[in-house]
Amino acid sequence: MSLVSEGGPAVGRPLALGPVRLRNRFVAAPMERNYCELDGTVTDRYTAYLARRARGGAALVFAEAAYVRADGKGRLRQLGADTDARVPGLARLASAVHDGGALLGVELNHGGRTAQSAVSGFQPVAPSPVPCLPAGGEPPREAPAAEVYELAAAYGEAARRCREAGVDVISIHGAHGYLVHQFLSPAFNLRTDEFADPLRFLGLVVEAVREQAGPGVAVGLRLSAHEGFEGGLTAERTFELVSRARLDLLDFLDVSAGSYEAGQWSIQPAEWEPGLLAPYAGRYRELGLPVGVAGRINTAESAEAIVAGGLADFVSLARALHADPDFPRHALAGRGYRPCIACNYCIDRLGSGEPIPCTVNPGAGREHLIPAPAPAGRGAVPDALAKHGAAPVTPAGPGAVLVVGAGPAGLEVARLLAEQGRRVQVLEREEHVGGLVALAGRLRAYPEHRRLLRWWAAELDRLGVSVRTGTTATREELARHEADAIVLATGGTGRLPDVPGVGLPHVLDVRDWLALGQDVPSSCVIWGADREGVAVADHLAAEGAEVLLLGPQPALAPDVGRRAKILMVPRLMENPKVRILLESTVSAIEPDRLLVRSGGQAEWLPAPGPLLVSHGVVPRPGLLADLLADRRPRLGVHVLGDAGDNGGSLHGCFAAAAEVADALARACTRGQALTPDDTPRGGLRPDGSSPERGGPRS
């Protein structure tokens, strides 16, 4: 579906929000990023990041939820609006976003019970002393009535600072389980004084913000359509409350959902439908204000359907613009864009305190390293590279590169090199491309991986990259190609532990079993409770299989964050057909049983059906040894992904591909071979040595 039509797409039409005018209906939603200083001050990283989203076509670019008082800080590097010292940084944000043609918005927030003293330095304060277990469980103190008035005034003071900084739009965060939402919720507001009225605190906040924002700043309310857990606010009760709020002082509503106790509704997993919250938003249009909606709106088609269908006036996009800042511009022009796969790697990294990355866009958060944009085109261009994650280079000479392997690392490095003007050919031994991404796309939890493959295919076609499937890269085949550089992205093989019986025919690496495309067995054993093992167990269990899932891990999928497994783990633990044995291992395998050791005890367990092993992968060394024996291309041999030491995750593949593309581009610019300093992590020097290990790799 193309948005290009005779009358123009609905998402491309301007929209008035009170005193301000949006150039289109795409809004870059508030999203925490860990890009500020520890004291909440704006950094160059943050400024460049938001400016890039403005240049990408969003009409309104929000910073993240900014804390209005120090005890409301929820993240180590969260944006602050709590003192006048924050005004200069906010002003820099406003100037940079305005230069990109967009308006700047700030969302005002206080964490309440979700804020923890380990971050803020203060005991959390809340409507009632109800701890927030997902945030850490620290007991909050109940704010006295006088202090509740002070908290409302803090929102007003933060609004004044935003106005003085040149902010165009202010959103009051009344969603996701934060302070305003806590006063609204029957689960967390247990008071008996005047603030037992769920609307009392919200009313004070709206009045304070509206007064301090002034007539030239739009003021809105972000709300959760429902809290998503038993005992919390329902959709019906939330609508009833909002309909009685001070709507006369607001210019818009922005609808999300969920709370800390039901985080999947706030940041939705990949297996949920795009735009799933739009029906909730549609009802709020009855209240007479412009209405926005968030919730996995990561395709141009879903955004257009929501706005054109009258369910919302604008769409709020967070992860979609983290993955591709040009999403609005490309969507309006009918061009392709890099898809967000809703893996939630970005969100799961928030707790680390480090700048959040993006699985599919290694350039996210690195925009400050890129010089000012220049006209883009095939063969060289800084602004494009800011999106792709490579440092800017000046292309010189086309150069020929042979990429062996069309998994994620191979496809991405081929795309980047072709963007730089290189002549690229890709060889793939299978009859299809995608490698492990294609296998993951078959599972219940990862449907968006298929969109990523379609994007790669379209990009390589646009760039004229030749991809030959069904072609094994033998020594003879490689000798037929004249290339200045060779990139090996051949993946790895599953690691099978050395135990008696591991060679039996029913024992397979979990990836090999997926590649066979066999029917779901009636029962099976999965040995390995890492992310791959858990995802396959979840998929098979959903299809009706009886699953024994065991592994040495202390918890299910400890190698991924909470958001990445927020649906899978509860499903497995609640499924009566699934048996889970953690901190356990297999000592011997027979055709229909296993010797399992757990807690110092050994027991033979029945194990009908296939035994699928998920113990990681090891590189395939043979092809590399052949290459180094036969030839040494002028610009070297580079090993990517699971074929080397920089795989293990999709994000690692993207980052390593960007490093190799950058190194080759710099070498082509100089017209000479790579130097040791040019060699990226995981790459090989022209003499076959590894920068990490110092000797030949085989």
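Rule-based calculations on the coordinates, nothing more; no lab input. Since this is a predicted model, take the numbers as computed values, not measurements. Cβ placement follows ideal geometry from the backbone for every residue including glycine, while neighbour counts extend to all protein chains displayed.
Note on the range 498-615: the alpha carbon radius of gyration divided by the globular reference 2.2 N^0.38 Å gives 0.98. With a Förster radius of 35 Å applied to the beta-carbon distance between residue 146 and residue 354, the computed FRET efficiency rounds to 0.35.
Assuming R0 = 41 Å, what is the FRET efficiency of residue 153 and residue 276, from their Cβ-Cβ distance, to the nearest 0.05? Approximately 0.65, to the nearest 0.05.
Helical content alone sets the calculated 222 nm signal of the chain at -9000 deg cm²/dmol, taking -39,500 (n - 2.57) per DSSP H segment of four or more residues and averaging over every residue. Treating the angle as unsigned and between 0 and 90°, give the value, to the nearest 10°, between the Cα long axis of helix 408-419 and the longest Cα principal axis of the chain. Tilt of helix 408-419: around 80 degrees. With K and R counted +1 and D and E -1, the other residues having a Cβ less than 14 Å from that of residue 207 yield a net charge of +1.
Annotation: extensible slack from residue 287 through residue 229 equals 18.3 nm (criterion: 0.36 nm per residue apart, minus Cα-Cα distance).
Computed about the Cα centre, the dipole magnitude for the range 498-615 is approximately 400 debye when only Lys and Arg (+1) and Asp and Glu (-1) carry charge, each at its Cβ. When both the range 263-309 and the range 518-538 are represented by their alpha-carbon centers, they are found 33 Å apart.
Starting from the exponent 0.38 and prefactor 2.2 Å, build the expected Rg for the chain from its residue count and divide its actual Cα Rg by it. Normalised by 2.2 N^0.38 Å, the Cα Rg of the chain equals 1.01. Estimated at 0.36 nm per residue, the fully extended path between residue 618 and residue 430 surpasses their Cα-Cα distance by 65.8 nm. Between residue 333 and residue 458, the distance separating the two model label sites (each 7 Å from Cα on the Cα→Cβ line) works out to 1.3 nm. Of the residues 212, 641, 545, the one whose Cα sits farthest toward the positive end of the charge dipole of the chain, with +1 on the Cβ of Lys and Arg and -1 on the Cβ of Asp and Glu, is 641.
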